[in-house]
Amino acid sequence: MSFTYLNELPTPAQIKKDFPLSEELQLLKKERDAQISAVIRGESDRFLVIIGPCSADSEKPVMDYIHRLAKVNEQTKDRLIIIPRIYTNKPRTTGEGYKGIATQPDPEANPDMIAGLIAVRRLHLQAIEETGLSAADEMLYPENWDYVDDLLSYVAIGARSVEDQQHRLTVSGFDVASGMKNPTSGDFSVMLNSVFAAQHPHHFTHRGWEVDTSGNPLAHVILRGAVNKRGVAIPNYHYEDLIRLHEMYEKMDLLYPACIVDANHSNSSKKYQEQTRIVEEVLHNRSISPEIRQLVKGVMVESYIEPGSQKIGEHVYGKSITDPCLGWNETETLLYEIAEKA
């Protein structure tokens, strides 16, 4: 039982030098960050929609999808801020199976971490270069932040990572909106404690350095549903859940109370078609409750070109190889509905 050291990975500086972000796009990304920040801070009434494939598995269909999003974004930009999900790490409950392009750029080939880091950087860079949309990613491995910190406008910390101290401390150094999901147990206190940790300064080690962080005031919560001890999915997007969260937020010393509702995962019990209904319910509750309207700043939706999912090796263009997703036709309709009702 031991480590076998295979390859020394390139540093973030090396990867950035090979795949730089232009000064023009740096300004564009800064503007996007400011717009998203204004929503989280309650200074803008635009609505965030973080949307895209469960896992960004292949460059061509992912870019096709983001170009479609960009067209809708142009039509709805007065009401929405659309943030593409380019999720390059896929957490697995057991650790088995496909883990995303960061580990395995070709899902049918052996893992290649160096090629994976390059693929991650290239995909995020291509998205903002071609569409002007800076994206969201899940920071499954905190040390990967430095490879994409100049590209991401939104970061999510997953249900299995939110209790981890290294994730919490690392988020305290991020300068973009960062959503902390409720753990799989559904415990709101754990989630809010992680937000508290992320919003405050810390002193710790990161990528071989002793570092100080200033705290991230844009840290907030993501509700993704829970699973009880019998393995049954328990949703937490209903009116009563949101009111309870609002009350718990008020009792804690936290900046800018904000919530994103994840319409898939345990909220839909991975029945991807239910995402439309769930988003509609959230929008309805925002319309009847000032507290919920103030709290819920956006939704998260898993969506791709083709509906459902497929197994690795089936090669259906634009169809998820991980969790099932809404198809584009349903997605486009939903986006315009959100713009009308949010």
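Before moving on, here are some points about what is shown:
- Of all residues in segment 298-319, those satisfying the criterion of being among the charged types (D, E, K, R) and surrounded by 14 or more Cβ atoms within 10 Å (Cβ to Cβ) are 302, 306, 319.
- Set 118, 128: member being surrounded by fewer than 22 Cβ atoms within 10 Å (Cβ to Cβ), closer than 25 Å to residue 70 by Cα and of a type in the set (Val, Ile, Thr): 118
- Every residue from segment 138-171 that is aliphatic (A, V, I, L, M) and in a loop (DSSP other than H, G, I, E, B): 139, 140, 151, 159, 162
- Complete set of residues in segment 227-247 that are over 22 Å from residue 283 (Cβ atoms) and buried (at least 16 other Cβ atoms within 10 Å of the Cβ): 227
- Taking segment 189-212 as the range and being aromatic (Phe, Trp, Tyr) and assigned to a strand (DSSP E or B) as the test, the residues that pass are 204, 209.
- Residue ID - farthest from residue 52 (Cα to Cα), chosen from residues in segment 94-133 that are among the β-branched types (Val, Ile, Thr) and in a loop (DSSP other than H, G, I, E, B): 94
- Taken together, the residues in segment 161-187 that are within 14 Å of the chain's Cα centre (by Cα) and charged (D, E, K, R) amount to 1.
- Looking only at residues in segment 71-93 that are of a type in the set (Val, Ile, Thr) and part of a strand (DSSP E or B), the one that is nearest to residue 144 (Cα to Cα) is 83.
- Of all residues in segment 280-320, those satisfying the criterion of being of a type in the set (Val, Ile, Thr) and modelled with pLDDT of 95 or more are 282, 288, 292, 296, 299, 301, 305, 316.
- Only one of the numbered conditions (1) exposed (fewer than 15 other Cβ atoms within 10 Å of the Cβ); (2) more than 30 Å from residue 173 (Cα to Cα); (3) in contact with a helix residue (DSSP H, G or I) (Cβ under 7 Å, 6 or more places away or on another chain) is violated by residue 278, and that is (1).
- Meeting the requirement of 3 or more residues that are among the aliphatic types (A, V, I, L, M), the helices (runs of 4 or more DSSP H) wholly within segment 249-342 are 274-288, 328-341.
- Restricting segment 149-194 to residues that are among the β-branched types (Val, Ile, Thr) and more than 24 Å from residue 29 (Cα to Cα), the residue that is surrounded by the fewest Cβ atoms within 10 Å (Cβ to Cβ): 190
- Looking only at residues of segment 7-36 that are in contact (Cβ under 8 Å) with a residue 40 or more places away in the chain and aliphatic (A, V, I, L, M), we find that the one that is surrounded by the fewest Cβ atoms within 10 Å (Cβ to Cβ) is 9.
- Checking each residue in segment 243-264 for being touching an Asp or Glu at 6+ places or on another chain (Cβ under 8 Å), of a type outside the set (A, V, I, L, M) and more than 9 Å from residue 295 (Cα to Cα) picks out only 264.
The values are calculated or read from the model by the stated rules, or taken from the named source; none is laboratory data. If you're wondering where the values come from, they're calculated on a predicted model, not measured in any experiment. Methodologically, a virtual Cβ is constructed for each residue, glycine included, from the backbone with ideal geometry; neighbour enumeration extends over all protein chains shown.
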